[in-house]
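Here, each number is a calculation from the coordinates, and none is a lab measurement. What you are looking at is a predicted structure, and each value in this text was computed from that prediction instead of being measured. Cβ atoms come from the backbone with ideal geometry, glycine included; neighbour counts cover every protein chain shown.
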Amino acid sequence: MSNTENLSFLTRAIHTGNGIDSETGVIQRPIVLGNSYQLPYDPTDVNWSSTGGNLYTRNGGANQRYLEEKIASLEGGEDAVVLASGVAALSGLFFALLKTGDHVVFSSVTYIASYRLLNELFNNKFGIETTIVDTSDIKNVEAAIKPNTKLIHIETPGNPTLSISDIAAIAEIAHKNNALLSVDNTFASPFNQRPIELGADFSIESLTKYINGHGDAMGGSITGKKEYLNIVRAQSQVNLGGTISPFNAWLIARGAVTLPLRMKQHNENGLKIAQWLKEQPEVSFVAYPGLEDSPNHEIAKKQMSGFGGVLSFGLKADHDTHNQFVSHLKLITSAVSLGHDESLIVFLGEDDERQYLYPEQFHNGFFRLALGIEDTQDLINDLKQAFDKIRK
Ligand SMILES: *Cc1c(COP(=O)(O)O)cnc(C)c1O
């Protein structure tokens, strides 16, 4: 369908980026796996680094473009670039925007690769200055701004503490200081939160998570203004080469069709299980932005329409009891990642090098529980029988 702008999120998740194939008449976009396209009679004028498509799949492919159309629409942005992973999207944006002498302010709570990229690789290799601050308090962001601040990068909710930063307020600080704001929106998904509509310049997703939703393909996206995304395409896609495979783009576009339906169940499982965990005597804390007494809950309510399926919690127990607890779970699998159809749990031990950046309650080891879309009571029953076993 070509013009889907006036339709609701639910409808656009299905129709935007889909259409009838002109060759076969089939009503689902086919997977286009070929790498190379027929050249014109005289190829002398072809720009081998162009990003318009129909040249070579690293420069852009059909399934990538269909998915980009869907993502841009769901995020409410002018354009989107889809790359091979969430980390390819993060590094691709940073590489395209930043140069030696620029300064970046970024959240103390982020995905580990964002921390490595900004705090170890970009600053050591390219001389880009970085300042890490707790962006859940906007005063810290304001205080960290320098004349050469080019970019503020935040993650909200942040992995793994679920800390919430105020997107609209930080966008205002960025723009007042001629800087840009990028938001890693992976923990919310565009169903629950749309950073561009709140004033951010870029929304980044690991498509690997909620948007694909089935734990079987990797991808990443950057949504924002065309003027910047054209640079990302030319520099980071064509020349760094992080192009998504057509098959993965097709799988993610297929998964994204049910994003709105799946997110409703993730949100319900997140909230109900956060509330249930809080009542267990062995639980030392539960971090979930949907809990009324959670830090910045008012901001979370203002900028999110649901709080997602990921929560963190601690046990009043020693190291080995944490591992025992996980081993007793039958339905919930011990594995990293989130936003899958099935529920996943990971015990994050006590030796995280960034722990000093987290609130004290996270210092003794904790679980990150990424709830899937199973029945809520079945998940509670699984947790309950694991609690019963460590109680014995
Ligand atoms: C998983 C994740 C990423 C990285 O995405 P990949 O697809 O694994 O490269 C980035 N940010 C957040 C918040 C994530 O959870």
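What shape does region 175-252 take by its C-alpha gyration tensor, where a ≥ b ≥ c are the square roots of the eigenvalues and a/c under 1.5 counts as rounded, a/b above b/c as prolate, and the rest as oblate? Could you put the intermediate results ahead of the total?
Working: a/c = 2.91, a/b = 1.25, b/c = 2.33.
In terms of gyration-tensor shape, oblate.
Tell me, what HN-Hα J-couplings in whole Hz come from the Karplus equation 6.51 cos²θ - 1.76 cosθ + 1.60 at θ = phi - 60° for each residue of region 37-52, using x for Gly and Pro?
Each residue of region 37-52 in turn: 10, 4, 7, x, 3, 10, x, 3, 8, 5, 8, 5, 9, 5, 10, x Hz.
What do you get for chymotrypsin sites (Phe, Trp or Tyr not before Pro) in region 96-182 restricted to DSSP loop and a cutoff of at most 14 other Cβ within 10 Å of the site's Cβ? Provide the component values of the computation, followed by the final result.
Values: sites: Phe106, Tyr111, Tyr115, Phe122, Phe126; in loops: Tyr111.
Filter output for region 96-182: empty list.
Note down the magnitude of the dipole of region 1-113 about its Cα centre, charges +1 on Lys and Arg C-beta and -1 on Asp and Glu C-beta and zero elsewhere, to the nearest 20 debye. All intermediate terms of the calculation are to be shown ahead of the outcome.
Details: 6 positive and 11 negative charges, 65 e Å.
It works out to roughly 320 debye.
Given Lys264/Lys302; Lys139/Lys264; Lys302/Lys330; Lys139/Lys278, which pairs have Cα atoms separated by over 26 Å?
Details: Lys264/Lys302 18 Å; Lys139/Lys264 34 Å; Lys302/Lys330 36 Å; Lys139/Lys278 31 Å.
Correct reply: Lys139/Lys264; Lys302/Lys330; Lys139/Lys278.
Determine, for Ser91, Ser305, the number of other Cβ atoms within 10 Å of each Cβ, and report the residues in order from fewest to most.
Working: Ser91 23, Ser305 13.
Result, fewest neighbours first: Ser305, Ser91.
Compute the relative contact order of the chain as a whole-number percentage, counting only Cα pairs closer than 8 Å that sit 6 or more residues apart in sequence.
Relative contact order comes out at 16 percent.
Cut-off under 20 Å on the C-alpha distance; same-chain residues fewer than 8 positions from Lys225 excluded. Which lysines are left, in chain and number order?
Answer for Lys225, where 20 Å is the Cα cut-off: Lys70, Lys99, Lys150, Lys176, listed by chain and number.
To the nearest 10 degrees, how steeply does helix 259-278 sit against the main Cα axis of the chain, on a 0 to 90 scale?
Between helix and principal axis, roughly 20 degrees.
Nearest 10 degrees, 0 to 90: what angle lies between the long axis of helix 246-256 and the longest principal axis of the chain (Cα atoms)?
50
Per-residue ellipticity at 222 nm for the chain, helices alone: DSSP H runs ≥ 4 residues times -39500 (n - 2.57), over residue total, nearest 500 deg cm²/dmol?
Computed mean residue ellipticity for the chain: -10000 deg cm²/dmol.
Under a Cβ-Cβ cut-off of 11 Å, what is the net charge of the residues other than Asn177 that fall near it, where Lys and Arg count +1 and Asp and Glu count -1? Mind dumping the intermediate values first?
Details: positive: Lys146, Lys150, Lys176; negative: Glu142, Glu172.
Its environment carries a net charge of +1.
Could you order the peptides 82-90, 234-242, 23-31, 212-220 from most to least packed, using the average number of other C-beta atoms within 10 Å per residue?
My ranking of the peptides, most packed first, is 82-90, 212-220, 234-242, 23-31.
Relative to the longest principal axis of the chain, what angle (0 to 90°, nearest 10) does the C-alpha long axis of helix 86-97 take?
Roughly 60 degrees between the two axes.
Less than 15 Å Cβ to Cβ from Glu350, Lys/Arg counted +1 and Asp/Glu -1: what total charge do the surrounding residues give?
Details: positive: Lys316, Arg354, Arg368; negative: Asp318, Asp320, Asp351, Asp352, Glu353, Glu360.
So the environment of Glu350 carries a net charge of -3.
Hey, quick one: spin label on Ser284, modelled 7 Å out along Cα-Cβ, who in region 362-392 has an amide N within reach, i.e. under 15 Å?
Residues passing the 15 Å test: 362-368.
Compute the relative contact order of region 259-391 as a whole-number percentage, counting only Cα pairs closer than 8 Å that sit 6 or more residues apart in sequence.
The normalised contact order for region 259-391 reaches 28 percent.
What does DSSP give for region 9-256 in terms of the percent of beta bridges that are antiparallel, rounded to the nearest 5? Working shown, then result.
Numbers: 11 of 28 bridges.
Expressed as a percentage, antiparallel bridges in region 9-256 total about 40.
Could you compute the net charge surrounding Glu205? Neighbours are other residues with a C-beta less than 9 Å from the C-beta of Glu205; K and R count +1, D and E count -1.
Working: positive: Lys209; negative: Glu75, Asp184.
That sum, taken over residues with Cβ under 9 Å, equals -1.
Under the rule a/c < 1.5 gives rounded, and otherwise a/b versus b/c splits prolate from oblate, where does region 259-391 land using the Cα gyration tensor? Provide the component values of the computation, followed by the final result.
Values: a/c = 1.61, a/b = 1.15, b/c = 1.40.
It comes out oblate by the Cα gyration axes.
If you split all Cα-Cα distances of the chain into 10 Å bins from zero, what percentages do you get per bin, shortest first?
The distribution over the chain is 5, 23, 31, 24, 12, 4, 1, 0, given as percents.
Under a cut-off of 13 Å between alpha-carbon atoms, report the aspartates and glutamates in cross-link reach of Lys384, not counting same-chain residues fewer than 8 places apart.
Glu279, Glu282
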